[in-house]
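Notes for the one structure printed next.
Read the figures in this text as sums done on the coordinates, not as results from a lab. Because the structure is predicted, anything quoted here is derived from the model rather than measured. Reconstructed Cβ throughout: ideal geometry from the backbone, glycine too, with neighbour counts over all protein chains shown.
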C-alpha cells in the first residue's frame, strides 16, 4: 500500500471516532516542502550539489557560447567563405550541437540521480526529527505528507526545523 492510501484510511478512521475520543488525540502536521528547502541539511546538500556539478554546468555554458559564436560567424561571413569552408563549419556546428545535447542530457540525469539520493537522506533525517519531537510532545499522530488542508494551529514544522538544526550542530562538532 502506498502512503496516501494509508493516510486516507487513517484520516477516515479518525473521522469515525466519536467527538469525545477525538478530543483526546493530540494531532499535528509538518510542512515537508518547507523542511526540504529550509533545513540546514538541505541547504548544505544544495551547496554540495552545486559544487559537484558546477564545473560541468560551466563547461556546458561555455560550449553553448562557442557554438553561438560559430553560428554567428557562419551567418555573418558565410557569403564570403569558400563552399568547402562553409561546409566544414556547418559540420562542426552539427557535431557540437550533438555533443552539447548529449552532455546536457547526461548532466540532467546525473543531477536527478544525486538529487534523489540527497532527498532520500534528508527524508530519513526529517523522519528522525519528527520522531524526537513526537515523543517529546507526546503527539498521537503527526502527518508529514499528502495534506490538503490543516489548521495552522497544528503546524509543528518550526519545531521539526529546530530539531534538524540541533542535529546538524551535533554532526558539525
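Brief remarks follow.
- Ratio Rg/Rh, restricted to segment 74-136 and using Cα atoms, in which Rh is the Kirkwood radius: 1.56
- Mean projected area (nm²) of the alpha-carbon convex hull when segment 3-172 is viewed from all directions: 14.6
- For residue 140 and residue 110, a Förster radius of 45 Å and the Cβ-Cβ distance give a FRET efficiency of 0.60, rounded to the nearest 0.05.
- Difference of contour (0.36 nm per residue) and Cα-Cα distance, residue 103 to residue 68: 11.0 nm
- Diffusion coefficient, µm² s⁻¹, Stokes-Einstein with Kirkwood Rh over alpha-carbon pairs of segment 83-173 at 37 °C and 0.692 mPa s: 187
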